[in-house]
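Read-outs: derived from the displayed coordinates by stated rules, not from any lab. Since we're looking at a predicted model, the values are computed, not measured. In this analysis, Cβ positions are derived from the backbone assuming ideal geometry, glycine residues included, and neighbour counts consider all displayed protein chains.
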Amino acid sequence: MKIAAIINNLGSGGAERLIVDLARSFSVLPEVTFDVILLARKGSVHIEALEREGVHVIALSEASSRFNPLFLFQLTKRLKTYDLVHAHLFPTQYWVVLASMFLPKLKLVVTTHNDTNRRMRRPYRLVERFMWSRYDSVIAISERARVALLDWLPELASRTVVIENGVDTSRFRTAQMVSRSSLGFSDGDYLVQMTARFSYEKDHETLFKAMAILPRKYKLILLGEGSGIDEAKALCEQLGLSSRVLFAGYREDVPEVIKACDVSVLSSHTEGFGLVVIESLAAGVPFVGSQIEALQEVGGDAVLLYPPGDAMRLAEHIRTICEDRETRERMIRRGFERAQNFTIERMAARHMDLYTGLCREVGV
């Protein structure tokens with residue numbers, strides 16, 4: 001069985017990490033070829049790591065443009081050799097549909113990673129309906145993502161399944177924490193971390209306001225990149241937080257950094273899933289998140305949630321975790337248990353079951 005996963009690039013986001021984890025899981029299966037195709041190499045951070053593990057990564061272009069009309073011809077030619085294609089994110093999912101019109105036997109799968117997007121508006125409905133209808137199966141990464149999609153296009157119900165994202169829980173559980181001194185902090189600090197791209201949806205502003213409420217011994221490390229980073233740095237300076245906040249950018253040692261922290265936060269307005277929830281719980285680090293459906297679904301009773309935008313409540317939760325030993329230990333125990341529901345092995349097995357069933361329909 002020959003499968004291609006296709007995405008805009010291999011940046012540091014959740015969809016990209018999902019592909020990386022699936023590729024690693026399937027690379028050891030002799031009966032499966034799992035290649036990764038990118039619209040653009042630029043912005044990718046995982047290519048070398050995958051290639052070292054024997055995964056074939058193909059970039060259609062070096063530049064960052066996602067709307068090159070040549071993609072249609074390149075994909076039509078390349079996809080002829082595959083039994084199944086799994087598309088992720090816009091506009092990749094559109095390019096795959098267009099190319100598939102010349103490849104009628106090709107099985108198509110698409111994943112919806114979010115509970116909202118800019119195309120869920122009336123002017124786009126006809127185009128969106130056509131695009132989604134071309135896929136043989138639709139995967140939603142959470143129940144919330146499934147409900148949002150079916151509210152928009154209810155006719156997709158029979159072909160939509162939920163497969164929750166998974167995490168290499170053993171990697172996070174056994175990670176050796178980095179020294180706090182290497183991050184510029186001391187052992188006497190309370191260290192808060194957030195792993196997310198810098199964008200409006202992630203609402204770093206509320207986290208900054210919460211940090212301004214907390215005593216100075218509370219420090220913050222931010223993992224991630226994004227177009228909003230300059231604005232975030234300016235707000236930190238405005239709130240007098242510059243000496244307490246580390247903008248760490250993209251790092252490959254995320255498990256080791258998370259392990260060194262006292263609490264993880266995700267202050268998003270919206271999330272499709274929230275991988276960092278499971279990563280934190282698996283690492284034994286208590287988690288605080290905004291009270292949105294995806295984080296409630298993933299975290300269950302193992303996390304603390306606060307009303308979105310409520311910096312005071314967020315600060316209270318952070319302080320409780322750091323200073324109330326009983327609460328902290330209870331959350332760590334529950335977190336380890338919760339994380340076992342979201343392993344890579346479980347996620348990969350469910351994807352492979354889906355792929356195998358679709359390919360059997362065409363005799364593969």
Checklist outcome for this item: In nm, the gap between the two label points placed 7 Å beyond Cα toward Cβ at Ala212 and Thr81 is 5.6
Next on the checklist: Using +1 at the C-beta of Lys and Arg and -1 at the C-beta of Asp and Glu, which of Gly299, Leu223, Ile318 has the Cα lying farthest in the positive direction of the dipole of the range 169-339?
Outcome noted: Ile318
Next on the checklist: If each residue of separation counts as 0.36 nm, what is the full-extension length gain between Arg134 and Phe336 once their alpha-carbon separation is subtracted?
Outcome noted: 68.7 nm
Checklist outcome for this item: The alpha-carbon center of the range 10-33 and that of the range 283-326 are separated, in whole Å, by 30
Next on the checklist: Please give me the summed charge of the neighbours of Leu358: other residues whose Cβ is under 14 Å from its Cβ, Lys and Arg +1, Asp and Glu -1.
Outcome noted: +3
Item to check | Bridge type composition, the range 169-339 - antiparallel percent by DSSP, nearest 5 | outcome: 0
Checklist entry - Rounded, prolate or oblate: which fits the chain when a ≥ b ≥ c are the square roots of the eigenvalues of the alpha-carbon gyration tensor, with rounded for a/c under 1.5 and prolate only if a/b beats b/c? => result prolate
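Do you know the relative contact order of the chain, to the nearest whole percent, from alpha carbon pairs under 8 angstrom that are 6+ apart?
Once normalised by length, the contact order is 15 percent.
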Checklist entry - Which of these, Arg121, Arg17, Arg78, has the largest mean-square fluctuation under a Gaussian network model of the chain (Cα springs below 10 Å)? => result Arg121
Next on the checklist: Under 15 Å between alpha carbons, and skipping anything fewer than 8 positions from Lys105 in its own chain: which aspartates and glutamates qualify?
Outcome noted: Asp83, Asp136, Glu361
Item to check | Over the range 53-107, relative contact order from alpha-carbon pairs under 8 Å, at least 6 apart, % | outcome: 38
Checklist entry - Charges only on Cβ, +1 for Lys and Arg, -1 for Asp and Glu: so what's the dipole of the chain about the Cα centre, in debye to the nearest 20? => result 740
Checklist entry - What does the charge dipole of the range 169-339 about its Cα centre add up to, to the nearest 20 debye, if the Cβ of each Lys and Arg holds +1 and the Cβ of each Asp and Glu holds -1? => result 480
Checklist entry - What shape does the range 169-339 take by its C-alpha gyration tensor, where a ≥ b ≥ c are the square roots of the eigenvalues and a/c under 1.5 counts as rounded, a/b above b/c as prolate, and the rest as oblate? => result rounded
Checklist entry - If amide H atoms are built 1.01 Å from N in the plane of the peptide, which residues on other chains or at least 5 residues away come under 5 Å of the amide H of Ile221? => result Val192, Gln193, Met194, Leu246
Checklist outcome for this item: With Rg from the Cα atoms and Rh as the Kirkwood inverse mean 1/r over Cα pairs, the range 70-153 has an Rg/Rh of 0.98
Next on the checklist: Under the rule of at least 5 residues apart or a separate chain, name every residue whose amide H is placed under 5 Å from the amide H of Ala140.
Outcome noted: Thr112, Val161, Val162, Ile163
Checklist outcome for this item: Using the Cα gyration tensor of the range 105-209, the equivalent ellipsoid's semi-axes, largest first and to the nearest Å, work out to 39, 19, 11
Next on the checklist: Contact order normalised by length for the range 84-198, with contacts defined as Cα pairs under 8 Å and 6 or more residues apart; what percent is it?
Outcome noted: 21
Item to check | the range 181-275: trypsin sites (Lys or Arg not before Pro) in DSSP coil with no more than 13 other Cβ atoms inside 10 Å | outcome: Arg216, Lys217
Checklist entry - Where is the GNM fluctuation largest for the chain (alpha-carbon springs, 10 angstrom cutoff): Ser264, Ser186, Ser12? => result Ser186
